[in-house]
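Undergrad: Here it is: the structure, laid out below.
The values are calculated or read from the model by the stated rules, or taken from the named source; none is laboratory data. Treat the numbers as computed from the prediction; the structure is a model and nothing was measured. FYI the Cβ positions are ideal-geometry reconstructions off the backbone, even for glycines, and counts take in every protein chain you see. Heavy atoms of the whole protein, side chains included, go into the accessibility calculation; ligands, DNA and RNA do not. Shrake-Rupley method; radii C 1.70, N 1.55, O 1.52, S 1.80 Å.
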Amino acid sequence: MKIMVPIKRVVDPYAKVKALPDGTGLDTGGAKFEINPFDEIALEEAVRKREADPSVQIVAVSIGSSSCEDQLRKALAMGADEAILIESDAEWDSPSVAAELAALAKELAPDLVLMGKQATDDDNNQAAQMLAALLDWPQATFASKLDLAGGRATVARETDTGEEVLEMALPCVVTTDLRLNEPRYIALPGIIKARSKPLAKRPPTTEPRLRTRTVRLDAPPTRPPGRKVGSVDELVSELKARGVVA
Amino acid sequence: MKALLIAFDPSELEPLARFGAALGAPFDVLLLTGSADDGYGASEMLLAGLATVPPADGLAKGIASVAEGYTHVAAAASMRSKDVMPRVAVLLDAGMVTDAIAVLDGKTFQRPIVAGSVIATVTVETERVALTVRTSAFDPATPTGSANKRSVALYCPTAVARTSAESQASGGRPDLTQAKVVVSGGRPLKDAGTFEKLIGGLADALGGGVGATRAAVDSGIAPNEAQVGQTGKIVAPELYIAAGVSGSTQHLAGMKDSKCIVAINTDGDAPIFEVADFGLVEDLYTAIPALMERLRP
Ligand SMILES: Cc1cc2nc3c(=O)[nH]c(=O)nc-3n(C[C@H](O)[C@H](O)[C@H](O)COP(=O)(O)OP(=O)(O)OC[C@H]3O[C@@H](n4cnc5c(N)ncnc54)[C@H](O)[C@@H]3O)c2cc1C
Ligand SMILES: Nc1ncnc2c1ncn2[C@@H]1O[C@H](COP(=O)(O)O)[C@@H](O)[C@H]1O
């Protein structure tokens, strides 16, 4: 069983990120870059599957600049068997990422592509579903539980109103939600062992074709300042005065 | 320009029509389940009459099969629309905009990125446009009376079996994304029973829905579908009451467009107070029962 785990390098999700005053880019305030948190959950899940079944093979893949090597090394330290860096300084939007991942999936023939539901920088929530469409594979997004057995995936997934269970034949695409698992802390031996694991670098096989272009970045509108009230009684009379409670 | 708006059920008709009006182009509505009379300005209502919404692989093919001839295909942002719309975009070779909050022109839209810290203006470079839309960002649509209706047969071939589909009951409370009042609780609510008694109780006193932070959901005191934020639901009610919620960027991303925000927190420096219209520095265990007492109808 081969599991492909795409990894996006994103700015630390806890960092304060702002639009540059001239609207042309992002000010990340020198924050660190990390594995997209949802991709870390995908990787953790793949590693747990391998712990249960040693024949599972995990390939981590990232598309981007040479700096993505840091995140792939971390993926290897978490337990991926090998990593592929599709090295490119070009801009890749989610559909272009999906197209490149589709080409790679055709080559590597994974049984499962396990990836994040959304990148915490662009908040797009597109690449996985687009990849599944390009491959004409079934999908299960927002997974909170994943079982693999007998060539099938059984996935509990979060919905707007609760949860549902989907079952499908492999190969398929599954995206992770926060409650799937809690990623492990990487111990020192893993980091050392990761140095000797294979990390291949190669150019993309597709050209990014941007279907959307970001033309401006702005600060969100600010709310007029509010005020503190001294008591529940004062709060209730303010809310009544505003007409938001009867 | 002509838009096809995808409504999963009749409750999405009015919210979607808001976007149709903002786009300023004629629009048809594809209603997947249920039926309705008023199209809120739709030129035509296509009734698919599905008993349940099929899995995304099949549904995307079904939607794409009726989407010929439309420049824009849009759905209200939700987990079910985000599941299927990117697949529809591939089938139509459309550029896709997730979570649109403003229309600048037929090809230019605004959307929040990085947990709402930044508003991006994006242009779509392809001929056709697919979108999910945060309908609460647009002005309400007015009823227009009975629309032209036509039945369509959606063929949705799927490779996915649905072994069970259970919806957690929301206790008869209004849907979070459409509620006029939302009461949310965070980590300090000790357990599910306490959460239900205090947050649920105040929500019921106000006829509102129940929300939660990720910390509350993670520790099992609130149900999954109550999570508000970057990775949960986006809400914009008339009144949002946050109790024991610190106000992380990720939580704010889901509620800071609420009309009136009330924060109840023991820490007067908690970031939630920066977006609150009214802040009460008090223990929620005393403040909420007192509020319930005074607000109960
Ligand atoms: C990728 C990613 C996505 C995320 N998505 C989301 C999301 O969608 N939604 C979300 O909410 N979070 C999300 N988070 C988590 C987020 O960063 C915060 O950890 C979370 O919102 C904190 O929840 P909280 O406010 O309940 O808990 P805390 O931050 O622990 O805050 C608890 C607050 O309660 C106050 N308090 C304590 N006791 C009392 C009392 N007795 N009475 C009144 N006040 C009291 C404290 O002063 C404190 O301010 C995400 C994180 C990541 C990394
Ligand atoms: N540059 C990239 N390299 C590898 N995987 C990516 C890249 N961009 C996005 N992905 C994957 O696609 C998922 C969804 O991203 P998005 O559609 O951009 O929100 C992420 O969680 C990653 O798993």
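Undergrad: From B:Ala48, B:Ala159, B:Ala75, which residue is modelled with pLDDT of 95 or more and touching a Ser or Thr at 6+ places or on another chain (Cβ under 6 Å)?
TA: Every option except B:Ala75 fails the conditions.
Undergrad: Read through the list (1) within 26 Å of A:Arg213 (Cβ to Cβ); (2) more than 10 Å from ligand 2 (Cβ to nearest atom), then give the number of the only condition that A:Asp111 fails.
TA: All conditions pass for A:Asp111, except number (1).
Undergrad: Among the strands (runs of 3 or more DSSP E) lying completely within the range A:86-172, list those that include at least 2 residues that are facing chain B (nearest Cβ under 8 Å).
TA: Hits in the range A:86-172: A:139-149, A:152-158, A:162-169.
Undergrad: Here are B:Gly279, B:Gly254: which of them is buried (at least 17 other Cβ atoms within 10 Å of the Cβ) and either within 16 Å of ligand 2 (Cβ to nearest atom) or in a strand (DSSP E or B) (or both)?
TA: B:Gly279
Undergrad: Looking for something open to solvent by 20 Å² or more (accessible area, probe 1.4 Å), polar (S, T, N, Q), within 16 Å of the chain's Cα centre (by Cα) and within 13 Å of ligand 1 (Cβ to nearest atom) - is there at least one such residue anywhere in the range B:227-240?
TA: yes
Undergrad: Still on this structure: Is one or more of the residues making up the range B:128-151 in contact with a Ser or Thr (Cβ under 7 Å, 6 or more places away or on another chain), facing chain A (nearest Cβ under 10 Å), of a type in the set (S, T, N, Q) and farther than 23 Å from B:Met1 by Cα?
TA: no
Undergrad: Here is a check on your reading of the model: is A:Arg223 in a loop (DSSP other than H, G, I, E, B), under 28 Å from B:Ala215 (Cα atoms), open to solvent by 40 Å² or more (accessible area, probe 1.4 Å) and away from chain B (no Cβ under 13 Å)?
TA: Here the answer is no, as A:Arg223 does not meet what is asked.
Undergrad: Restricting to the range A:43-85, name every residue that is crowded, with 24+ Cβ neighbours inside 10 Å and outside any helix (DSSP H, G or I).
TA: A:Ile58, A:Ala60, A:Val61, A:Ser62, A:Ile63, A:Ala80, A:Ala83
Undergrad: Further, regarding this structure: Among the candidates B:Leu104, B:Leu154, single out the residue that is open to solvent by 40 Å² or more (accessible area, probe 1.4 Å) and outside any helix (DSSP H, G or I).
TA: Matching residue, one of B:Leu104, B:Leu154: B:Leu104.
Undergrad: So, one more: Which residues, taken from the range B:203-224, are more than 8 Å from ligand 1 (Cβ to nearest atom), open to solvent by 30 Å² or more (accessible area, probe 1.4 Å) and within 19 Å of the chain's Cα centre (by Cα)?
TA: Listed by number, the residues that qualify are B:Gly207, B:Pro223, B:Asn224.
Undergrad: Go through the residues of the range B:192-202 one by one and say whether even a single one is surrounded by fewer than 23 Cβ atoms within 10 Å (Cβ to Cβ) and either of a type in the set (A, V, I, L, M, F, W, C) or within 12 Å of chain A (Cβ to nearest Cβ) (or both).
TA: Yes: one or more hits.
Undergrad: Report yes if some residue within the range A:177-198 is within 20 Å of B:Thr163 (Cβ to Cβ), open to solvent by less than 40 Å² (accessible area, probe 1.4 Å) and either touching a residue at least 12 places away in the same chain (Cβ under 8 Å) or within 11 Å of another protein chain (Cβ to nearest Cβ) (or both); otherwise report no.
TA: Scanning the range A:177-198, I find at least one residue that is within 20 Å of B:Thr163 (Cβ to Cβ), open to solvent by less than 40 Å² (accessible area, probe 1.4 Å) and either touching a residue at least 12 places away in the same chain (Cβ under 8 Å) or within 11 Å of another protein chain (Cβ to nearest Cβ) (or both), so the answer is yes.
Every residue, every condition in (1) touching a Lys or Arg at 6+ places or on another chain (Cβ under 7 Å); (2) under 18 Å from B:Ala115 (Cβ atoms), yes or no:
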residue	(1), (2)
B:Asp191	no, no
B:Gly211	no, yes
B:Glu238	yes, no
B:Ala242	no, yes
